[in-house]
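> First the structure, which I've put down as structure tokens, then a few questions once you've had a look.
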Amino acid sequence: MLSVDNARSGKSTRTLCDGVNRRELLRIGALGMGGLTLPGLLRAERRSGVKNSNKSVIMIYMVGAPPHQDMYDLKMDAPAEIRGDFQPIKTTVPGIEICEHMPGMASVMDKCVPLRSVYGSPSGAHDSFICYTGRTTRNQPPGGWPAIGAVASKLLGAVDRSVPPFVGLAPDAGHPPYGSPGLPGFLGVGHAAFRPSGPARDNLVLQGIKEDRLGDRKTLYEALDRLRRDIDANGVIEGLDAINQQAFDILTSSRLAEALDVSREDAAIRARYGKGSPDRFGDGAPRNLEHFLLARRLVEAGARVVTLNFGRWDFHSHNCKTAKETHLPWFDRGLSTLIADLHERGMADDVAVVAWGEFGRTPKINKNAGRDHWPQVGGGLIAGGGFPAGQVIGATDRLGAEIADRPVHFGEVHASLHRFLGIRGQTTIPDLTGRPQYVSSHEPLPELM
């Protein structure tokens with residue numbers, strides 16, 4: 001069995017189960033060692049699914065935790081101080097009803113799987129970490145747990161060398177976890193999210209520099225890197241090598257720049273998604289509807305994981321009013337259009353979409369007409385991925401306070417996404433001490449098999 005990487009001190013030296021590193025094995029090549037030749041090694045990698053998947057994930061982090069009982073899990077039989085102001089509407093799936101302010105999602109519910117019993121947040125503190133990793137921040141290995149995009153980058157690599165495998169559309173936020181696209185953890189900077197927001201977009205194309213001149217510069221950089229590597233004791237250079245290579249690949253191809261240029265999209269499609277607002281909502285994220293379109297264009301171009309941060313759902317006051325006036329209509333439009341667009345383009349089986357926040361909201365509405373933090377249970381939604389749609393997974397009690405049926409841990413959803421991407425659940429990646437760590441902490445959801 002292959003241990004996919006040895007990240008000791010940030011270095012990459014693939015090892016086999018008998019301790020022989022992959023670089024040495026490749027050097028030996030067809031002479032073979034222990035009966036395993038280079039062609040056999042490559043065949044083993046293909047059989048394991050490593051670098052053999054063309055699947056993608058779009059993960060939408062609903063910044064600050066949305067009110068689950070005001071979206072997909074309305075409690076009409078609960079007392080008024082719990083029920084809230086919204087009414088349910090029918091969807092395309094008989095028996096599944098959702099919030100009246102989400103008509104777009106109601107129209108695509110036959111393509112979706114609402115999750116009504118998501119749990120796993122240990123304290124109710126605001127942090128995107130559990131959404132991006134499926135794990136808590138407690139008892140992390142050295143370097144920290146990597147986000148799903150970093151795992152896909154490491155194990156699957158790039159579909160196209162000019163398109164980063166992991167792209168984060170989140171701009172910086174006033175509260176840093178709100179602006180995180182997901183961290184690379186012990187996998188290192190070479191597998192961090194590429195973030196094309198703001199002025200960085202202007203640097204995705206050559207600015208009057210000819211490609212042959214860029215090649216000369218690359219040769220010089222490589223010579224300098226070889227020199228620095230000889231005196232590098234921390235393995236930082238290898239991570240920088242990956243970044244430099246990616247930068248050259250991007251600059252010598254227009255593929256990424258074109259994917260990020262929504263003006264190339266058909267005008268009718270752009271109008272269908274809408275614009276939303278590019279400005280941050282408080283200390284959270286924008287409610288930018290073009291990010292939903294960008295996410296589709298990026299996976300179409302070859303990105304394996306795209307993360308998208310939307311709004312600020314931390315409604316401690318005026319919960320229903322704020323949700324109705326500032327978040328639900330735009331979120332409903334962006335997400336439902338994305339899901340419908342993926343199906344119309346024949347991409348739905350190859351792209352899984354997940355939308356969720358870090359926890360749920362209190363059943364009882366507080367004195368300021370808001371809902372506070374409720375880590376006991378929250379909600380979310382999955383679409384695409386070839387998953388069996390038109391079903392609901394999990395249920396809460398009459399008050400939306402406790403899980404009544406089928407608890408769904410964040411880690412189970414991540415395990416399901418790993419399997420969808422072609423990453424086996426028992427795959428391990430060594431952390432910074434060399435200790436192997438499983439990429440998944442849970443088993444996949446059988447309902448999505």
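One line per residue, one yes/no per condition, for (1) closer than 16 Å to E447 by Cβ; (2) crowded, with 22+ Cβ neighbours inside 10 Å; (3) not aromatic (F, W, Y):
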{"site": "P388", "(1), (2), (3)": "yes, no, yes"}
{"site": "Q391", "(1), (2), (3)": "yes, no, yes"}
{"site": "T396", "(1), (2), (3)": "no, yes, yes"}
{"site": "A401", "(1), (2), (3)": "no, no, yes"}
{"site": "R406", "(1), (2), (3)": "yes, no, yes"}
{"site": "H409", "(1), (2), (3)": "yes, no, yes"}
{"site": "E412", "(1), (2), (3)": "yes, yes, yes"}
{"site": "L417", "(1), (2), (3)": "yes, yes, yes"}
{"site": "R424", "(1), (2), (3)": "no, no, yes"}
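> So S153 fits all but one of (1) over 24 Å from L293 (Cβ atoms); (2) touching a His at 6+ places or on another chain (Cβ under 8 Å); (3) not aromatic (F, W, Y); what number is the exception?
So the condition that S153 fails would be (1).
> Whether any residue in segment 312-325 is of a type in the set (F, W, Y) and in a helix (DSSP H, G or I) is what I want to check.
no
> Condition first: out of contact with any Phe, Trp or Tyr (no Cβ under 7 Å at 6 or more places or on another chain) and closer than 23 Å to D349 by Cβ. Now tell me which residues in segment 428-449 satisfy that. I'd like the intermediate steps shown before the answer.
So in segment 428-449, the residues out of contact with any Phe, Trp or Tyr (no Cβ under 7 Å at 6 or more places or on another chain) come out as 429-430, 433-447, 449.
Answer for segment 428-449, where residues must be out of contact with any Phe, Trp or Tyr (no Cβ under 7 Å at 6 or more places or on another chain) and closer than 23 Å to D349 by Cβ: V439, S440, E443, P444, L445, P446, E447, M449.
> For segment 113-153, how many residues meet the condition of being farther than 14 Å from G380 by Cα and not in a loop (DSSP other than H, G, I, E, B)?
8
> A follow-up question, please. Among G149, G134, which is the only one that is surrounded by 24 or more Cβ atoms within 10 Å (Cβ to Cβ), in contact with a strand residue (DSSP E or B) (Cβ under 6 Å, 6 or more places away or on another chain) and closer than 25 Å to F387 by Cα?
G149
> Is there a residue being over 30 Å from P436 (Cα atoms), buried (at least 23 other Cβ atoms within 10 Å of the Cβ), touching a strand residue (DSSP E or B) at 6+ places or on another chain (Cβ under 7 Å) and basic (K, R) anywhere in segment 111-127?
So far as segment 111-127 goes, yes, one or more of its residues are over 30 Å from P436 (Cα atoms), buried (at least 23 other Cβ atoms within 10 Å of the Cβ), touching a strand residue (DSSP E or B) at 6+ places or on another chain (Cβ under 7 Å) and basic (K, R).
> Considering each residue of segment 154-196, count those that are of a type in the set (D, E, K, R) and either over 23 Å from A259 (Cα atoms) or outside any loop (DSSP other than H, G, I, E, B) (or both), and give that number.
Selection size over segment 154-196: 1.
> Residue check: is H101 at pLDDT 95 or above, assigned to a loop (DSSP other than H, G, I, E, B) and over 26 Å from P436 (Cα atoms)?
Judged against the criteria, H101 is a match.
> Name the single residue, out of those in segment 356-415 being among the β-branched types (V, I, T) and farther than 22 Å from P181 by Cβ, that is farthest from the chain's Cα centre (by Cα).
I365
Residue-wise test of (1) in the same structural domain as A106 (by TED's automatic domain parsing); (2) touching a helix residue (DSSP H, G or I) at 6+ places or on another chain (Cβ under 7 Å); (3) of a type in the set (V, I, T).
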| residue | (1), (2), (3) |
| --- | --- |
| D314 | yes, no, no |
| A323 | yes, yes, no |
| T326 | yes, no, yes |
| D332 | yes, yes, no |
| L335 | yes, yes, no |
| H343 | yes, yes, no |
| G346 | yes, no, no |
| W356 | yes, yes, no |
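The values are calculated or read from the model by the stated rules, or taken from the named source; none is laboratory data. As the structure is a computational prediction, the values presented were derived from the model and not from experiment. Quick reminder, even Gly has a Cβ in these numbers, built from the backbone with ideal geometry, and neighbours come from all protein chains shown.
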